[in-house]
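Student: Pasting a structure below so you can have a look.
Values quoted throughout were computed directly from the atomic coordinates according to the rules given, and no laboratory measurement underlies them. In this text the structure is predicted, and so the values were computed from the model without any measurement. Backbone-built Cβ (ideal geometry, glycine too); neighbour counts: all protein chains shown.
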Amino acid sequence: MPGMAMADIAGGDALPAFVRIRPNRPELERFRTNRSFRPHTQLLRWLARLQTHRRTWNIQVLASTKIRTGGYAPRPLSKHNTMTPSKRMRLGTKSCTECRRRKVRCIFRADESTCEACLAHEADCVAQQAGGHEVPSDEVDTLKRRLRDLEAIVRKLPPNATPSPRSDFAGDGASVVRELDARGDLSSTTTLAHSPATTPSTVAGWPVPAANRGGVKLSSTEPAVEDSPLMLLFKGASLLDRENAPASTAPPPLPVSAVSGVLQHRDRLASLLPSIQDLDAILEDTEKYWPIWQPYYYGEPGATNVLGPGKRQLARQLIFTVAASSVEPGLIARSALWVALCVQQVSRSVLSIVSLAYPQYDLVDAYIRIAKSLLELDGERGGTIDGIESMNMLYKLSINIGRSQTAWYWCRQAITTAVSLGLPRKVDALDIRAAYAWSMAWQTERFMALMLGLPTSVSANHPGTSSNSSSAPLMSRIMWSVALICGKAIDRDQAHHAAVSYATTVEIDQDMEEAYRLFPDEHWLPLAPDMSLSDCWNQQASKVIFFTTLKLVHMPYMLKSAGESKFLHSWDRAMEAARGVATAYTEFRTWPGAGTALCELMDFQAFSAAMVLIIGHLISPLRATPLTKEQDWALVRDVSLCLRRTVAIMDCAVAAQATRILDLVDAARHGAYIADDDYVVAIPYFGRIRINKKKVSVDNQNDSDNNLTSPRLGLSPVLPVDSLSTLTDTYFNTVEFSTNMFTHEYPSKLDSEMELCSNWADPALLYPEIDWTQTFNCGPFYPLAS
């Protein structure tokens, strides 16, 4: 039957409105007898028919010109669209082609060239024609391009669901990959397509086993049986034993409406990529930092399939391949963020010789916007392991530039996606890739929540946090222990209004002692010059996180120790923790191989530790020996020098502001702050500092008003204390510290104004409510000549 529609051939599945296929009778009979060919989706049905019978089918494309009677003129004909309008139907025919096909009334509004039905269905309102017409060449080109895109989608599906794909590329970015292939830059490890007999299939040149989509191992059952609709139905109804069930299955295919969005963002990413030469220079300059980022997996889970130093060519191939052909939103987002990390970390010397589409940080923001849009599409189908790893990369990008709230947000999103995929259901059964993604998400979320004073999203009884294998790497066991302690400290801080006993803090401190014993003795030795950057970073970063957690545990009661001696144990522990953070930071920044490793959150933690040392000695000046006090002030100066060096070699807003504050506090301590105006800053998640010059007469210089401390707090006053009696009045510097003992009292509005990279002198950051204030009198110095 020549007039049979495609819906009859495909078992009731309708083709898009712009394609009608009329197969010849012999081909139709052969197709009806072929019962072994059973595609899984409507898309596969359409494309299989197009692939198998394209030479014998007569493809007719409906004209998109809007020709109506009643005085409406047709659109102008271009040189590529030179067909002549056919004669009209009988005189009484007034309905358009679409309304006649739907058998509905064709109603036109006044001054409208499109009928109401076509407007409602977003269809082309075309007048009925007497006979056939030539297909315009521009319509044919559009159809061919859409067909190539659909074929590209099919080639990315698992081999058990599709016929053998073609070995060539299709898509708007295919020219980039063909150029690399012509030059011989695409090695055999990144083949663009595999035959069904090949063990690993590919996703845009990415070797991924068919039974391990999303990085989560499936059972050893035959893939065709494991992924069959009946098996998936039984699993979804919990009719099978879940003890041996996989943690997650392959992600469902994207809806057709989302594919166009993915292609749009993918093409946008391809247009923003640096040239091959510039990308090579960026990768060469940043490859030593790759091991300290979220691992970039490109094949079977395992260390040998993670991008690392020496794999620049492979990294470039994967980036261009994904940007040219992939239709997986999570995969494209991960590639975009990897490039963003490289651009963010590149040194100034390389940045001066490469050509980028936008300035450095504007380009990074553009990559992040593309990734966020792609992750929204990835989340519409439940998420993937690629999406979780992308969110972990967004965490790293955020802490690098001092956006702690944004980093916490992406940790929460990663946890939500991981839970929806079932990753933490059986931690021991996961492969290394999924286990790392889950661990990084919940552990970093705990640490960020403690620092920001926010509740955690993973409870202490969650199965994903219940155990940690003794065979896990040392750093993993340390971070697991610290993350559990962070959860206990968060619970204490959130419930402190209920008069939580100090015994809770003592118990947490005992847990910290247990975690401290996990560090090997060699971690406390000076850093060896021949250490790898990843080993040095992991060692020092783990110490910074450990001591920062210890500082946050004891900081509230250290402030209380100024008036209650029973909390002096917390003063000792907080000061010990601050020394640990400052020492670990200065050791890393002065290590020869540190380079320009960017992490403004680490810079802020070092600055915060230095401020704790200053406040500790001011509120309890007699607690430490003179030698210990002098050593602590020397450590504060070392932190200030490292921050100053960081500002000199890279753009770092946190380090720049921290250096200025430390310099002014040190000047005020010596009575050398001579500005007439007060210096007031509000440090996010720390407190407020006010420095000024105060005129104090000799008669009341020991007055206790405003909690002014003795002038002897200044270690080296300009004038001897005995000479004060010779002055009629004296200028002192006063330093006022104001804060909240528990961090969750701080303003919790999650916006850019409260990020670490914001301007700390902005009046909008001043805390309206505080529960601890101390003012210290330092100096004196000679009065200025009038």
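Student: What does the net charge come to around residue 440 if you take all other residues with beta carbon closer than 12 Å to its beta carbon, with K and R at +1 and D and E at -1?
Tutor: So the surrounding residues net to +1.
Student: Further, regarding this structure: Sum up the charges of everything whose Cβ sits under 12 Å from the Cβ of residue 737, counting Lys and Arg as +1 and Asp and Glu as -1, but leave residue 737 out.
Tutor: +1
Student: Subtract the Cα-Cα distance of residue 313 and residue 113 from 0.36 nm times their separation in residues, and report this length gain in nm to one decimal.
Tutor: So the extension gain works out to 66.4 nm.
Student: Among 111, 386, what is the fewest-to-most ranking by other Cβ atoms within 10 Å?
Tutor: 111, 386
Student: By counting other Cβ atoms within 10 Å of each Cβ, how are 421, 568 ranked from fewest to most?
Tutor: If I rank by nearby Cβ atoms, fewest first, I get 568, 421.
Student: In addition: Which of 531, 602 comes first, and how do the rest follow, when ranked by fewest Cβ neighbours within 10 Å?
Tutor: Listed from fewest to most nearby Cβ atoms, that is 531, 602.
Student: Filter 396/551; 566/693; 396/560; 566/629; 311/396; 288/372 down to the pairs with a C-alpha to C-alpha distance above 32 Å, please.
Tutor: Long pairs (Cα-Cα over 32 Å): 566/693; 396/560.
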